[in-house]
Amino acid sequence: MVTVAAAAACYDEEVHSRAALREAFGDSSDSDSDAPRGAASTPPVQGAGRERWRWAAVAEVRGLWLCAAFLSPDEQSRLLAAIQREEWFSDAHNQAMRFGDLPPWAVELSALVREAICVGSVDDASVGTGWMNEDEDACPLPSDLLWREPLFDQLIANTYKPGEGICAHVDLMRFDDGIVIVSLESACVMRFSREGAACDTQKPGESECTNVPVYLNPGSLVVMSGDARYHWKHEINRKPGAQLWNGMELEQHRRTSVTLRKLRASPN
């Protein structure tokens with residue numbers, strides 16, 4: 001996924017951040033029965049994440065990647081507890097933003113994102129299909145974004161009741177390329193739209209590809225860069241009848257999400 005030098009640098013960072021990651025997420029006692037199907041039962045902070053972190057490129061949307069098993073069930077619970085300890089949310093407020101110095105748990109979550117990109121593997125089905133060709137570097141985030149410091153310096157934490165979602169939008173241009181979203185609690189379908197534009201898998205004679213659904217399970221990580229970040233809107237419509245996947249309507253519960261972004265540098 002990355003060069004040998006980059007992988008070595010990532011490994012060094014992984015070693016140095018291990019204690020801080022344990023402090024943020026704790027050690028896990030997950031059993032195999034609690035882990036997602038196909039996922040390692042030991043959390044990535046103990047070194048087994050690389051076996052669970054599998055990346056899939058969304059064929060229709062260039063620059064859109066999904067890691068379905070980014071966080072183990074135990075890590076999800078610990079991250080959710082860290083967010084709740086902030087006491088940001090109330091009946092009147094379901095969103096919190098932070099800029100600059102992020103909470104320690106968010107800094108370590110950022111480190112875990114970088115580690116997952118460095119040492120995770122790419123599904124074979126992602127290469128040679130859609131917008132990715134076999135000669136392209138199969139990495140969820142370009143190296144210039146992956147190794148910037150800090151990786152992220154802005155976060156949004158949201159909690160949504162059943163029926164609440166987000167309208168179709170592209171993130172503000174005040175934020176740099178490379179945006180990630182971690183989903184917790186309730187599964188949902190996020191839709192990507194690019195009005196009047198052809199998708200990367202469109203063949204001659206096919207209709208325009210304007211609506212691409214992506215299933216976000218609890219513990220998943222979405223990475224958006226390039227076209228996916230700048231040219232595709234994303235939305236979550238959780239109104240009755242809108243959350244459909246494989247012909248079935250998803251049962252809606254409270255959903256919490258963490259979005260990590262990087263502010264653009266001020267022009268000189």
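The values are calculated or read from the model by the stated rules, or taken from the named source; none is laboratory data. Only a predicted model underlies this, so the values are computations on that prediction, with no experimental measurement involved. Heads up, the Cβs are rebuilt from the backbone with ideal geometry, glycines too, and the neighbour counts pull from every protein chain shown. What goes into the accessible areas is simple: the full protein's heavy atoms, side chains included, and nothing from ligands, DNA or RNA. Shrake-Rupley method; radii C 1.70, N 1.55, O 1.52, S 1.80 Å.
Some points to look at:
- Members of region 48-104 that are of a type in the set (G, A, S), in a loop (DSSP other than H, G, I, E, B) and touching a helix residue (DSSP H, G or I) at 6+ places or on another chain (Cβ under 6 Å): G63, A69
- The lone criterion from (1) modelled with pLDDT of 95 or more; (2) open to solvent by less than 30 Å² (accessible area, probe 1.4 Å) left unmet by S77 is number (2).
- Reported count of residues in region 135-170, each being in a loop (DSSP other than H, G, I, E, B), within 20 Å of D101 (Cβ to Cβ) and within 15 Å of the chain's Cα centre (by Cα), is 2.
- Within region 171-186, considering residues that are crowded, with 18+ Cβ neighbours inside 10 Å and over 19 Å from S225 (Cβ atoms), the one nearest to the chain's Cα centre (by Cα): L184
- The set of residues in region 230-268 that are exposed (fewer than 11 other Cβ atoms within 10 Å of the Cβ) and farther than 29 Å from L151 by Cα comprises P240, G241, N246, G247, M248, E251.
- Taking region 140-183 as the range and being within 13 Å of R261 (Cα to Cα) and of a type in the set (D, E, K, R) as the test, the residues that pass are R148, E149, D153, D171, R174, D176, D177.
- Cβ-Cβ under 6 Å pairs, at least 6 apart or on other chains, region 97-115 side over 22 Å from S266 (Cβ atoms), far side hydroxyl-bearing (S, T, Y): A111/S17
- Of the residues making up region 84-128, those that are of a type in the set (A, V, I, L, M, F, W, C) and surrounded by fewer than 17 Cβ atoms within 10 Å (Cβ to Cβ) number 8.
- V61 at pLDDT below 95 and either within 24 Å of K262 (Cβ to Cβ) or in contact with a strand residue (DSSP E or B) (Cβ under 9 Å, 6 or more places away or on another chain) (or both): yes
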